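Accompanying notes for the structure given below.
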Amino acid sequence: MPIVRTRLWAVLTLVLATTASASAAEPSRPNILLILCDDLGYGDVKALNPDGKIATPNMDRLAREGMIFTDAHTSSAVCSPTRYGLMTGRYNWRTKLQSGVLGGLSPRLIEPGRMTIASMLKQHGYHTACVGKWHLGMDWVKKKGKEVTELNIEPREQVFNVDYSQPIKNGPNSVGFDEYFGISASLDMVPFTYIENDRVKVLPTEDRGFELMFGRGKPMTRLGPAAPGFDDADVLPDLTKKTIEIIDRRAADAKQGKPFFIYLPYASPHTPIHPKGDWLGKSGLNPYADFVMQQDFAIGQLLDTLDKHGLTDNTLVIFTSDNGCSPQAKFDELLAKGHNPSYLFRGHKADIYEGGHRVPFLVRWPGKVKAGSKTDQLVCLIDVTATAAEIVGATLPPNAAEDSISFLPTLLGHPGKLARKTLVSHSINGSFAIRDGSWKLSLCPGSGGWSNPRPGMKDDELPPNQLFDLSTDIGEKANLQDKHPETVARLTKLLEKYVTDGRSTPGEPQKNAVAIQIRKDVRSR
């Protein structure tokens, strides 16, 4: 009998040891790599636009190995507001930034104490890193008696009002990131220098700018403080290299159940459009298309790095863009050669139309997300927070991620009743649109942005609102507001409720002063 017990104990010990070893080798929480391109159009990804003329084999690989979302949106049609929503799970128009974007010297936009996706994941054992374009403000030390614009791009006379030698407060490290490397805002905004955690890497002692599109001469970016040797063409490869370095450094821990979250907000293919070296001329279309191809190559380098370390199967990769393609891409040149960055959609960056905020959204998670799958489930970038929370088993507090809805069930193949059914969109001038199913109501007479009819252009000749049925009119050509006044009234009331409640998901209302003014603006329509 003792011999039998000894053998049973030996077998049990072996089973427990094997189980523990397998558990360590196969961590349950995935690494998360969140890639945000800047101004990449829906139609620029070949997998999404069969008629597209730009080769994007690595983006297509993500689509082939994961899930395509065909109805994915940013909360805003421009940079800073979208990034706020992505980081907080909250609609951008709930902040004091009601239109436009921040500048490179603007103070912090994310409210003190507000939970972000980074702070939430950090609390759940993730190493958190941000590499790239922040554009959510940070508190620079201003020179004595000098000021910088808070909620707009700083004018030329302010660009040297900052003491760049001093530490920066309230940047990415203050909202949950263990490490940060990147630039403060868009690459056409000052300062032209890298920031690592809370300090600039090289003092910006020069005064210069870059061509908006390489090889075209003027127009130029804004002029301002630049670090000696800083070159706009190096930023895309530098950000990729830094991200690879972090993956290399964290790979061993990731395999031992200590996952990483890397937020990689690229500054490309936004202006300055500068494809480097052999990429220039590679597309046969124009420099913007060349730049998209170079961007795609960078995505391939990241995927290869995950493969090299054996991290692919336990890494959730989300690939998307912050808004539609900018007209700086030269739509006329691209269209003449058969390529439309906006695909079938009306408008482009800055607009309330679909081309302003419907974006590429590809998700790969081997073993969890069916390869080669596609969904028309409505989703918004603000939903990444709730999705990540559900993945790690986090409970969102009542005063956080008030507009975020998890799309994890969609990823796993069974969206159910909790999937997103409504969406609020915002244009560069602060115009609203609200979506419910296939109905979309835009509370403005035109684009609310940069395409025709622009704000102020024939406003008195156009209906004050636009109602479209996207199921039959994806190009937003037929305004049905006169034929369906009941739908206009219903959607307007729904938007008012979302504004007043301070949230669009179930839970305790979160009222604030900003909501009062927004509600007045909506009711004045």
Suppose every K and R has +1 on its Cβ and every D and E has -1 on its Cβ; what is the size of the dipole of region 423-523 about the Cα centre, in Debye to the nearest 20? 260 debye
According to a simple spin-label model (label point 7 Å from Cα along Cα-to-Cβ), what is the distance in nm between ALA336 and GLN481? 3.6 nm
The distance between the Cα centres of region 306-322 and region 265-289, in whole Å, is 24 Å
Listed with the fewest Cβ neighbours within 10 Å leading, TYR498, TYR353 appear as TYR498, TYR353
Give me the log10 of I(q) over I(0) for region 42-198 at q = 0.16, 0.19 Å⁻¹, as the Debye formula computes it from C-alpha points; what are the numbers? -0.98, -1.20
Once amide hydrogens are built 1.01 Å from N within the peptide plane, the residues lying 5 or more places from MET220 or on another chain with amide H under 5 Å from its amide H are LEU212
The long-range amide H neighbours of GLY104, using H built 1.01 Å from N in the peptide plane and a cut-off of under 5 Å, are GLU154, VAL190
So, in nm, how far is label GLU150 from label ASP460 when the simple model puts each one 7 Å beyond its Cα toward the Cβ? 3.5 nm
Length added when fully stretched, LEU344-ASP473, from 0.36 nm per residue minus Cα-Cα: 45.4 nm
Spatial separation of Cα centroids for region 334-358 and region 174-193, in angstrom: 28 Å
For region 173-181, in order, what is each residue's ³J(HN,Hα) by Karplus, 6.51 cos²θ - 1.76 cosθ + 1.60 with θ = phi - 60°, in whole Hz (x at glycine and Pro)? 5, 7, 10, x, 8, 5, 8, 9, 8
Among [x] 26.6, 92; [y] 23.6, 97; [z] 25.4, 75, the entry derived from the coordinates for Rg and Dmax of the Cα atoms in Å: [y]
Which entries in the list LYS169/LYS201; LYS337/LYS370; LYS477/LYS511; LYS276/LYS368 go over 27 Å, if you measure between the two C-alpha atoms of each? LYS337/LYS370; LYS477/LYS511; LYS276/LYS368
Only four residue types carry charge here, +1 at the Cβ of Lys and Arg and -1 at the Cβ of Asp and Glu. Report the dipole size of the chain about the Cα centre in Debye, rounded to the nearest 20. 1100 debye
Given R₀ = 25 Å, FRET efficiency for ALA252-LYS201 by Cβ-Cβ distance, to 0.05? 0.40
What ³J(HN,Hα) values, in whole Hz, does the Karplus curve 6.51 cos²θ - 1.76 cosθ + 1.60 give for region 398-407 when θ = phi - 60°, with x put for Gly and Pro? x, 9, 9, 6, 5, 10, 8, 10, 5, 9
Interchain or sequence-distant (5+) residues whose placed amide H lies within less than 5 Å of the amide H of ASP207 are ALA226
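Every number in this text was worked out from the coordinates using simple rules, so none of it is lab data. Quantities reported herein were computed from a predicted structural model and do not represent experimental measurements. Cβ atoms come from the backbone with ideal geometry, glycine included; neighbour counts cover every protein chain shown.
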